[in-house]
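The values are calculated or read from the model by the stated rules, or taken from the named source; none is laboratory data. Note that the structure is predicted; figures quoted are calculated from it, not measured. Virtual Cβ from ideal backbone geometry, glycine too; neighbours counted across all protein chains shown.
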Amino acid sequence: MSDEEVNELAGGIAPTGVPLAEVPESSAEVHSREGHLAASGDALLRADEVVAGYIPGVSILNGTDLYADEGELVGIIGPNGAGKSTLLKAIFGLVSITSGTVMLRGEKITNLKAHQLVPRGVGFVPQSNNVFPTLSVLENLEMGVFLRPKKFRQRFDFVADLFPVLADRRSQRAGSLSGGERQMVAMGRALMMEPSVLLLDEPSAGLSPAMQDEVFFNTKQINSTGVTVVMVEQNARRCLQICDRGYVLDQGKSAYTGPGAGLIDDPKVVELYLGTLGKAR
Ligand SMILES: Nc1ncnc2c1ncn2[C@@H]1O[C@H](COP(=O)(O)OP(=O)(O)O)[C@@H](O)[C@H]1O
Ligand SMILES: [Mg+2]
């Protein structure tokens, strides 16, 4: 893709997202790796130089940095296979981290497992197989809070408030719901444990455009109740429109970060993201 094409795609707007690796020395903004680190000082959740993978000796994440401030809605976009899901799974203890750290409220949580993370306030909604299809909506939500059953009533009310349709369909088997409703069950289940940070892996994937809108709306709603959200999305444009800050992940590294609305108009991001997507087609 030529520079002109990239610029045209980006609407001719000057770059606002800044690469983590190469930052002009004159830049007053702090967007270098050091700057990113400094800005992330009191983040609720942070991952620093995370190296992780599935097979010993083969790393998928090659020193990934990410942080999310309390109350922030952070989006992660990037080409297929960039390691976006791997990053969420590594934070949630499903992929082992061989070097680097993950911290939650200043406490090291690197390689803790799900059962240790959930009580600490981390929720995770995987991309697929995220509901128990043969169980009812209510049973799915009960599964979410089985560690603290006394919380059920209060948390159910919270979830029903966000997703009234789930209350209406509480007796229905989750497997019989539409894709969008299943996604609500999955998010609802994670919310039952009152997470302070929710990790969402491609919540809009496979949904109709109308349902995708609903998922983005719901995500924003969840965030507005005070839950910090880190969301991976294939729908980059929509994701960056709603998030406070975005990351572009490429080849297991955080390549760019910046305000969501800025990244979407950044020709470099358009080039990196659409360029690689173009190749995949
Ligand atoms: N369970 C797994 N075992 C081995 N390799 C995997 C596994 N899951 C993903 N990978 C590899 O890790 C890389 C990153 O995958 P993933 O994190 O799913 O990317 P993304 O979510 O950005 O599309 C890919 O090369 C993929 O083939
Ligand atoms: Mg993925």
(message) Quick check on my filter: what residues within region 69-94 are over 13 Å from the mean Cα position of the chain (by Cα), more than 8 Å from ligand 1 (Cβ to nearest atom) and closer than 17 Å to G53 by Cβ?
(response) G93, L94
(request) Count, please, the residues in region 142-160 that happen to be surrounded by 12 or more Cβ atoms within 10 Å (Cβ to Cβ) and charged (D, E, K, R). (result) 4
(request) With the checklist (1) crowded, with 17+ Cβ neighbours inside 10 Å; (2) modelled with pLDDT under 95; (3) closer than 23 Å to S59 by Cα in hand, flag the one item N130 doesn't pass. (result) (3)
(request) Hey, could you check region 144-167 for residues that are modelled with pLDDT under 90 and not β-branched (V, I, T) and say which is farthest from ligand 2 (Cβ to nearest atom)? (result) K150
(request) Consider L104 carefully, then state whether it is of a type outside the set (G, A, S), buried (at least 18 other Cβ atoms within 10 Å of the Cβ), in contact with a Leu (Cβ under 6 Å, 6 or more places away or on another chain) and over 21 Å from P203 (Cα atoms). (result) yes
(message) Among the numbered criteria (1) at pLDDT 95 or above; (2) within 16 Å of ligand 2 (Cβ to nearest atom), which one does A190 miss?
(response) (2)
(message) Please go through region 168-180 and give me each residue that is closer than 24 Å to V122 by Cα and modelled with pLDDT of 95 or more, ordered by number.
(response) A174
(message) Taking the conditions exactly as written (under 23 Å from L44 (Cβ atoms) and within 16 Å of ligand 1 (Cβ to nearest atom)), does L162 satisfy them or not?
(response) no
(request) Within region 180-234, count every residue that is β-branched (V, I, T) and within 12 Å of the chain's Cα centre (by Cα). (result) 6
(request) Mind listing just one residue for me: the one in region 50-89 that is within 21 Å of H36 (Cα to Cα) and surrounded by fewer than 19 Cβ atoms within 10 Å (Cβ to Cβ) and, of those, nearest to ligand 2 (Cβ to nearest atom)? (result) N62
(request) Scan region 79-103 and report the pairs whose first residue is in a strand (DSSP E or B) and whose second residue is among the polar types (S, T, N, Q) and within 14 Å of ligand 1 (Cβ to nearest atom), with Cβ atoms within less than 8 Å and a gap of 6+ or a chain change. (result) T98/S59; G100/T64
(request) Mind listing whichever residues of region 38-72 are assigned to a loop (DSSP other than H, G, I, E, B) and over 15 Å from V95 (Cβ atoms)? (result) S40, G41, D42, A43, L44, D69, E70, G71, E72
